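**Student:** Dumping the structure here so I can ask a few things about it.
The values are calculated or read from the model by the stated rules, or taken from the named source; none is laboratory data. Quick caveat, the model's predicted, so the values are computed rather than measured. Cβ sites come from the backbone with ideal geometry, for glycine too, and all protein chains shown count toward neighbours.
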Amino acid sequence: MVQGVIDRKLNRRNTKQRQSILRIIERADGHIDADQIYDHVCQLSPGISLSTVYRMHLFTNAGLLAEHQFTGVRRRYEIATRSRHHHLMCISCGRMFEFSCPSSDGLKTRITREKGFRVTDAEVRLMGYCLECQQRLVKNNANTELERR
């Protein structure tokens, strides 16, 4: 994706640093924040500044990246895809998971029909506990109960 896209979309010079940033996000397992991107990109481009990495708005404005921010959590980035998906966020470990929600399209249509409101975008965000954190919490609660006895 990186080759040539930066020049066209950003209307800016295609630097190795910009290529590295996009490559890291492409290869990331899930959603990644600017500090994580910086840690990885420093290995590829040791001279890169943190401010270069924090200029993510260039990529998001150009439609190359999608930015997500949940209450109390740093902005996370992913490569902008054509497939619509929504997010689950674990409030314990902070990991994000994607899921599809076909009913959101039906809801947009219904709102347009019933309220005359033209919905241009929608994102479902569900907060809770991932399976691993649920198991850890159950184990910790069991240990706490045993300690009380």
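**Student:** I need a count of the residues in segment 108-149 that are small (Gly, Ala, Ser), modelled with pLDDT of 85 or more and surrounded by 10 or more Cβ atoms within 10 Å (Cβ to Cβ).
**Tutor:** Counting residues in segment 108-149 that are small (Gly, Ala, Ser), modelled with pLDDT of 85 or more and surrounded by 10 or more Cβ atoms within 10 Å (Cβ to Cβ) gives 1.
**Student:** Identify, by number, the condition in (1) over 30 Å from residue 14 (Cα atoms); (2) out of contact with any Asp or Glu (no Cβ under 7 Å at 6 or more places or on another chain); (3) not in a loop (DSSP other than H, G, I, E, B) that residue 35 doesn't meet.
**Tutor:** (1)
**Student:** Next question, about the same structure. Only residues that are touching a helix residue (DSSP H, G or I) at 6+ places or on another chain (Cβ under 7 Å), surrounded by 13 or more Cβ atoms within 10 Å (Cβ to Cβ) and within 21 Å of residue 135 (Cα to Cα): list them for segment 77-107, please.
**Tutor:** Matches in segment 77-107: 90, 92.
**Student:** Name the residue that is surrounded by the most Cβ atoms within 10 Å (Cβ to Cβ), counting only residues in segment 1-44 that are modelled with pLDDT of 85 or more and hydroxyl-bearing (Ser, Thr, Tyr).
**Tutor:** Out of the qualifying residues, it is 20.
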